[in-house]
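Okay, so here's the structure we're looking at.
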Amino acid sequence: MSRRLSIGVAVLWVAALIIGSLLPERAKLAMRTTGSAHRVVHFAAFGASALLLVSMSRSSSQKMAALLTVIGIAVSVELLQHVIYGCSFEAWDVRDDTLAAIAGYTLARLNPRTVT
């Protein structure tokens, strides 16, 4: 896959992650991303985001910036949900998202094609 295409996929993925995270509760219920699936969805989405962005990064500092970006998105989404919907800030979601991002970062670093 060309670098330009990879960047386009990453932009679309992150946009979908943010939009999906900010959907109203009724939409999340319809997609069955609540209840027991909630933590799994968080882990998969944020882990895959980190894996994608870290894999695309060329230097160690870019890889760390990609990890921190995914964690920043997790915090931002939770803050926006609090502001938009008035729900409580879910620190456990940020914790799960951060652990998932670290797992994605680690997997990307273990892949010899992505290690600088």
How about segment 1-91: which GluC sites (Glu not before Pro) there lie in a loop by DSSP and see at most 16 other Cβ atoms within 10 Å?
Glu90
Can you match mean projected area of the Cα convex hull in nm² to one of these, (1) 8.6; (2) 22.8; (3) 7.3, based on a calculation from the structure here?
(3)
What do you get for the angle between helix 3-21 and the principal long axis of the chain? Use alpha-carbon atoms, 0 to 90 degrees, nearest ten.
20 degrees
What do you get for the angle between helix 60-85 and the principal long axis of the chain? Use alpha-carbon atoms, 0 to 90 degrees, nearest ten.
10 degrees
Can you tally the net charge around Glu78? Count Lys and Arg as +1, Asp and Glu as -1, for every other residue whose Cβ sits under 12 Å from the Cβ of Glu78.
-3
Defining a contact as two alpha carbons under 8 Å apart and six or more residues distant in sequence, what relative contact order in percent does the chain show?
34 percent
Just to be sure I follow the definition: excluding the sites themselves, where is the longest run in the chain that has none of the trypsin sites (Lys or Arg not before Pro) in a DSSP loop with at most 10 other Cβ atoms within 10 Å?
1-57
Chymotrypsin sites (Phe, Trp or Tyr not before Pro) within segment 36-116, DSSP loop, no more than 15 other Cβ atoms inside 10 Å:
Phe89
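Quick note: the coordinates plus some simple rules give every number you see, no bench work behind them. Predicted, not measured: the structure shown is a model, and the values here were computed from it. FYI the Cβ positions are ideal-geometry reconstructions off the backbone, even for glycines, and counts take in every protein chain you see.
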